[in-house]
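*Asks:* This is the structure, below, for whatever I ask next.
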Amino acid sequence: MTHVLNQFPQQLNGQIQVPGDKSISHRALILGAVANGRTTITNLLQAEDTRSTLTALQDLGTQIEQKGTQTIVTGQGGFTFRPQQTTLQMNNAGTATRLLLGLLVRQPQALTLIGDQSLSQRPMQRVLAPLNQMRQQVADNETVHLPIIIQANQQLEPLDYQLPVASAQVKSALMLAAIQAPGTSHITEIAQTRDHTERLLRQFGGQVTTTGLQHTLTGPQQLTGTDVIVPGDFSAAAFWLTAGLLVPNSRINLPQVGVNPTRTGFLTVLALMGATIEQTQLSGPEFSESFADLTVETQALTGIEVPATLIPNVIDELPLVALLGTQASGQTIVRHAAELRVKETDRIRAIVIELRKLGASIEELPDGFIVTGPTVLHKTSQVPLNSHGDHRIAMMLEIASLLTPDTLQLEATDAIAISYPNFENDLQGLIN
């Protein structure tokens, strides 16, 4: 789908309720499916990625129903599924795919995971390799991408493993396997990543002990259904924080956004660049995520080098950091972000290609980029902008288009539905 972008607002004003957090939505559905009793999820993200998770769990025999803003999951009280389908279509849902590899590691029947063209190019060996240490041949030893056939096997050993990459998806997949294995597993990270799985496991009655970067889990564990309130997705809010900072005379309020400290590295980056974001903290029930109301106004920015320690917790917002860099004074430098190359697309390459079409001064690095600003963004050729099939690139480019009076074309905008189907309507609400 091609979208014509020709809006040049003089200001953005209003309030946006961003959709439910994608990462938490995936995990709440999965844990609810294996818990004893019912789990009620409020504000589950209604988007293509979470729909893939929901449908896969239904195909595995889980009863899930929607009642208004609530999603009711009837748990089966254990990890052995009775599938209605043995081939699970994951579409573009990378998080769900990796989590299900851990969840389904000890089934009595073989199961096949398939995906779309983009997902079928994303690396899965980083999950399969440690799972192969827990049981004999999870999948064919040559398998590194979808489709993946998870071989039938109910034997599982505990794991002692240090992750070679900073990945919450891999960590979470291994945790889902570890709570099924008799004995004690130790999973050690090389850097702290988002901790939604640990928080939710505890909320469902599971046990996980975290000491520094090491997580200890003793299985097998039984989980109990609970009520989960999904906060607004911080990564979705980040697009409006960026728009509010860059479009003149703007003020945007974002209520009830999740501000889990392992997710809000972007706020730290903004502070380092000189921005002040108003934050009103809201309390939540025990074990839940932190909520806050965020308010942003237009401000001048200064380029920075993003500290390496922040990269794992700002990985999804780095396309926006690049856009901010085009309007900041001086250089904005991102390194140690090679993980961007194995997202829905090679995001480093996509960021550089597309922002150069708008006249940005940006240099590609093997593990990041250098942006020199400020630059007046403008149309430099007749070649349309392109999302490369990546929802975050698409939305970043839509925000970038607000800064130029030129009429632009953006191809493959349908990717936005993966995580934020109402993005266009929310944007129009701020302009009007």
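The values are calculated or read from the model by the stated rules, or taken from the named source; none is laboratory data. Just so it is clear, the model here is predicted, and its values are computed rather than measured. Glycine gets a Cβ as well: all are built from the backbone with ideal geometry, and neighbour counts include every protein chain shown. Only protein heavy atoms, including side chains, enter the accessible area calculation; ligands, DNA and RNA are left aside. Shrake-Rupley method; radii C 1.70, N 1.55, O 1.52, S 1.80 Å.
*Asks:* Compute the long axis of helix 94-103 from its Cα atoms, compare it with the longest principal axis of the Cα atoms of the chain, and write down the angle in degrees, 0 to 90, nearest 10.
*Replies:* 20 degrees
*Asks:* Whose amide H sits under 5 Å from the amide H of Asn92, counting only residues 5 or more places off or on another chain, with H placed in the peptide plane?
*Replies:* So Asn92 has HN proximity to Asp116.
*Asks:* Need one word for region 330-371: rounded, prolate or oblate. Basis is the Cα gyration tensor (sqrt eigenvalues a ≥ b ≥ c); a/c below 1.5 gives rounded, then a/b vs b/c decides.
*Replies:* Values: a/c = 2.95, a/b = 1.27, b/c = 2.33.
The shape class here is oblate.
*Asks:* Net charge near Ile353, counting Lys/Arg +1 and Asp/Glu -1 over other residues with Cβ under 10 Å of its Cβ? Could the numbers behind the result be given before it?
*Replies:* Working: positive: Arg349, Arg356, Lys357; negative: Asp346, Glu354, Glu364.
Overall, the nearby charge balance is 0.
*Asks:* Another one. Determine the calculated [θ] at 222 nm for the chain from helices alone, applying -39500 (n - 2.57) to every DSSP H run no shorter than 4 residues and normalising by the residue count; nearest 500 deg cm²/dmol.
*Replies:* Details: 12 runs with 125 residues, N = 432.
So the helix-based figure for the chain works out to -8500 deg cm²/dmol.
*Asks:* Skip the ligands, DNA and RNA, and give the accessible area per residue of region 294-365 with a 1.4 Å probe, whole Å². Write out the running numbers ahead of the final one.
*Replies:* Numbers: 2300 Å² over 72 residues.
Here the residues of region 294-365 average 32 Å² of exposed surface.
*Asks:* Apply the Karplus parameterisation 6.51 cos²θ - 1.76 cosθ + 1.60, with θ equal to phi minus 60°, to every residue of region 12-22 and state each ³J(HN,Hα) to the nearest whole Hz, in sequence, with x for glycine and proline.
*Replies:* 10, 9, x, 10, 10, 8, 5, x, x, 4, 5
*Asks:* Using only Cα atoms, locate the centre of region 207-248 and the centre of region 83-126, then give the distance between them in Å, rounded to an integer.
*Replies:* Their Cα centres are 22 Å away from one another.
*Asks:* Follow-up. Could you work out how far helix 234-246 tilts from the main Cα principal axis of the chain, as a 0 to 90 degree angle to the nearest 10?
*Replies:* 10 degrees
*Asks:* In whole angstrom, how far apart do the alpha carbon centroids of region 395-411 and region 1-29 sit?
*Replies:* Value for the Cα centre distance between the two parts: 15 Å.
*Asks:* Show me, bin by bin at 10 Å from 0, the whole-percent P(r) of the chain based on Cα pairs.
*Replies:* Reading upward from the zero bin: 5, 22, 32, 25, 13, 3, 0.
*Asks:* While we're here: Computing the accessible area with a 1.4 Å probe over protein heavy atoms, can you report the carbon and sulfur percentage for region 298-432?
*Replies:* On the way: 2340 of 4660 Å².
Carbon with sulfur: 50 percent of the solvent-accessible area.
*Asks:* Another question, then. So what is the accessible area of region 122-262 per residue, in Å², with the probe set to 1.4 Å? Spell out each step's value before the answer.
*Replies:* On the way: 5030 Å² over 141 residues.
I get 36 Å² per residue for region 122-262.
*Asks:* Using amide H atoms built in the peptide plane, which far-off residues or other-chain residues are under 5 Å from Val228 H to H?
*Replies:* Those lying under 5 Å, H to H, from Val228 are Thr40, Ile41, Thr42.
*Asks:* Using 1/(1 + (r/R0)^6) with R0 = 35 angstrom and r between the beta carbons of Glu142 and Ile72, what's the FRET efficiency to the nearest 0.05? List each step's numbers first, then the result.
*Replies:* On the way: r = 41 Å, r/R0 = 1.17.
It comes out at approximately 0.30.
*Asks:* Return the ratio Rg/(2.2 N^0.38 Å) for region 349-432, where Rg is computed over Cα atoms only. Don't skip to the answer; put the middle values down first.
*Replies:* Numbers: Rg = 13.1 Å, N = 84, 2.2 N^0.38 = 11.8 Å.
For region 349-432, the normalised Cα radius of gyration is 1.11.
*Asks:* Moving on to the next point. Quick check: the angle from helix 48-59's long axis to the longest principal axis of the chain, C-alpha only, nearest 10 degrees?
*Replies:* So the helix axis and the longest Cα principal axis differ by about 10 degrees.
*Asks:* Applying the Karplus parametrisation 6.51 cos²θ - 1.76 cosθ + 1.60 with θ = phi - 60° to the phi angles of region 422-431, what ³J(HN,Hα) value in whole Hz is obtained for each residue in order, glycine and proline being reported as x?
*Replies:* 9, 4, 4, 5, 5, 4, 4, x, 6, 6
*Asks:* From the mean inverse distance of alpha carbon pairs (Kirkwood) and the Cα radius of gyration, derive Rg over Rh for region 57-135. Walk me through the intermediate numbers first.
*Replies:* Working: Rg = 13.8 Å, Rh = 14.0 Å.
That ratio equals 0.99.
*Asks:* Please work out the C-alpha center-to-center distance from region 274-318 to region 131-206 and express it in whole Å.
*Replies:* Distance between centres, Cα-based: 29 Å.
*Asks:* I need the peptides 330-339, 81-90 ranked by packing, meaning the mean over residues of other C-beta atoms within 10 angstrom, with the highest value on top. Intermediate values should be presented prior to the final figure.
*Replies:* Numbers: 330-339: 18.8, 81-90: 16.3.
Descending mean neighbour count gives 330-339, 81-90.
*Asks:* I've got another one for you. At a threshold of 8 angstrom on Cα-Cα distance, excluding pairs fewer than six apart, so keeping six or more, what relative contact order does region 158-234 reach in percent?
*Replies:* Working: 118 pairs, mean separation 24.7, N = 77.
Relative contact order here is 32 percent.
*Asks:* Express the carbon and sulfur contribution to the solvent-accessible surface of region 184-262 as a percent, rounded to the nearest whole number, probe 1.4 angstrom. Provide the component values of the computation, followed by the final result.
*Replies:* On the way: 1240 of 2580 Å².
After summing per-atom areas, the C and S share lands at 48 percent.
*Asks:* From the Cα gyration tensor of region 162-223, with a ≥ b ≥ c the square roots of its eigenvalues, which class applies: rounded if a/c is under 1.5, or else prolate if a/b is larger than b/c, or else oblate?
*Replies:* On the way: a/c = 1.82, a/b = 1.45, b/c = 1.26.
Because a/c hits 1.5 or more and a/b exceeds b/c, region 162-223 counts as prolate.
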